[in-house]
1. Regarding the stretch 220-260, what's the average projected area of the Cα-atom convex hull, expressed in nm²?
2. Under a 5 Å amide H to amide H cut-off, with H placed in plane at 1.01 Å, what residues pair with L402 once short-range neighbours are removed?
3. As I understand it, the value is the acute angle between the Cα axis of helix 184-196 and the longest principal axis of the Cα atoms of the chain; what does it come to in degrees, rounded to 10?
4. The stretch 33-163: D in µm²/s via Stokes-Einstein (Kirkwood Rh, Cα pairs, 20 °C, 1.002 mPa s)?
5. Sorted by average packing, counted as other Cβ atoms within 10 angstrom per residue and highest first, what order do 55-68, 413-426, 302-315 take?
6. Any idea what diffusion coefficient the stretch 112-167 gets from Stokes-Einstein, in µm²/s, Kirkwood Rh on alpha carbon pairs, 37 °C, 0.692 mPa s?
7. For the pair A464 and R51, what calculated FRET efficiency results from E = 1/(1 + (r/R0)^6), where r is the Cβ-Cβ distance and R0 = 30 Å, to the nearest 0.05?
8. Taking the highest mean first, how do the peptides 138-146, 157-165 order by number of other beta carbon atoms within 10 angstrom per residue?
Amino acid sequence: MDPQPLYLRLANHYRRAIQSGVLAPQQRMPSVRALVRTHRVSLSTALQACRQLEDDGLIEARPRSGYFVLPARKRSMPPVPEPDIRQTLGAAQYVGIHDRVSDFVAKCEAHPVSANFALAAATPDAYPAEALRQAMSRALRREPEVLVSRVPAQGHPALRAVLARRALENGINAVPDDVIVTHGCIEALNLALRAVARPGDTIAVESPTYFGLLQILESLGMRALEIPTSPQHGLSIEALDLAFQTHGNIRAVVTVPNFQNPLGCVMPDAEKARLVALCERQQVPLIEDDTYGALTDDDVPLAAAKSWDRTGNVIYCASMHKTLAPGMRLGWLLGGRWKARIAMLKFAQSRPNEPLAQIAVADFMGTRAYDRHLARLRRTLKAQREQTAEAIAAHFPAGTRLSLPRGGMLLWVELPHGRDGADVFEAALRQGIRVAPGAMFSNGPRYDHFLRISCGERHTPEAALALKTLGRIVEGRP
Ligand SMILES: Cc1ncc(COP(=O)(O)O)c(C=O)c1O
């Protein structure tokens, strides 16, 4: 027997017609009475089918005229649901993500790729390659001995000065001496965690969270306590507060308040202030990862949680990897109260970053050209995100849910009917399409029926076709 209720079968029948274009945008759907007659169903079944299509964002009701097919542009998907913040948190776990990530990377490398939706960075042509090349040449002309000279320990003074000045836009008051330049945000996070915690300690993280953070925790022998996180508003302060009461041994909190990876959510300012105050009250350091903050759709800069920090309890980590130059591997941090210890750890771990890239980036970031680049990148990512979301709405089966961030490049997609993200990942790879399976973003099985779809690549006709194929794979019709 078909397990699907009759109204869903009827809705799916018309959904396929809409998605294939047999029923064109703006075209009138058969009336409810016509559905009753044609398909020999009851009035309530026909009505339920229409409401399902309406809920799925495929058709709209017009007063006294019936239902009409929505243009793909206007179709929307229901949002990813809110987590249950009263869910029991369980014990903090030693992280076991390493094998899963290695398996993912090995499988990706074993298949040629024609459409890459797995990478959390934009395509090279979205970054200012020529301007950076010229800045590099200028730096070598002005400082011909730069490659054979000693490098200041915390990073090049010119870059530290520019970063302190730029941080004002995010509400942060820092002096250049506070800034430590790192090898990407990943080194900043490593140093921050090592400064405040030891092997065996419990670290509160968002759930779902960036798999790179889980890898760091695993490599440092620390335990992750996953805190429910809203796809709209970020880390739940209530759930974190509860975790402080029930798990007395939380040694640090790591959060991505702006365009969280993978959810894409932004924590409202009032919540950022509450989070900083809560961690301060609990005397637990807050490690803020602001990798994506500059990628907001409107050109109004987002506040960092660090801007509410009055006691140095927040360690702020950021990166130029997504915003300016993936190839330069530059990041930075403000160590707050732990500045001296972090400076020592950086020196012990990797010594200062090489200077040429720092001088070139300082040169570029000190001019209006950087603002123009950011404005362009934001517009590009917004357009690509919208096109990708529209394609998902048009081609993925009913029951799919989607986050719709206001910036960044990531979409978090819940698959319908418990469809397994790892199965979809593997079937997609066989067709040359890469996506990131939800299982990579947690230590447990909570997100096995999710995918993270990145919109960093150009939305070419090939990419559009790949999303259509992906929709068929999700539906089980590869
Ligand atoms: C939230 C988050 N933090 C840190 C990183 C790593 O940053 P970087 O490449 O600058 O080391 C990433 C990269 O994907 C990220 O998504």
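Please treat every number below as a calculation from the coordinates, not as lab data. None of the values given here were measured: they were computed from a predicted structure. Don't worry about glycine lacking a Cβ; one is built from the backbone with ideal geometry, like all the others, and counts go over all protein chains shown.
1. Working: hull surface 13.3 nm².
Mean projected area for the stretch 220-260: 3.3 nm², to one decimal.
2. Sorted by chain and number, the residues that satisfy this are V80, E414.
3. 70 degrees
4. The calculation lands on 92 µm²/s.
5. Details: 55-68: 15.5, 413-426: 18.7, 302-315: 21.4.
So the order, starting with the most tightly packed, is 302-315, 413-426, 55-68.
6. Translational diffusion coefficient: 223 µm²/s.
7. 0.55
8. Averaged packing, sorted descending, gives the order 157-165, 138-146.
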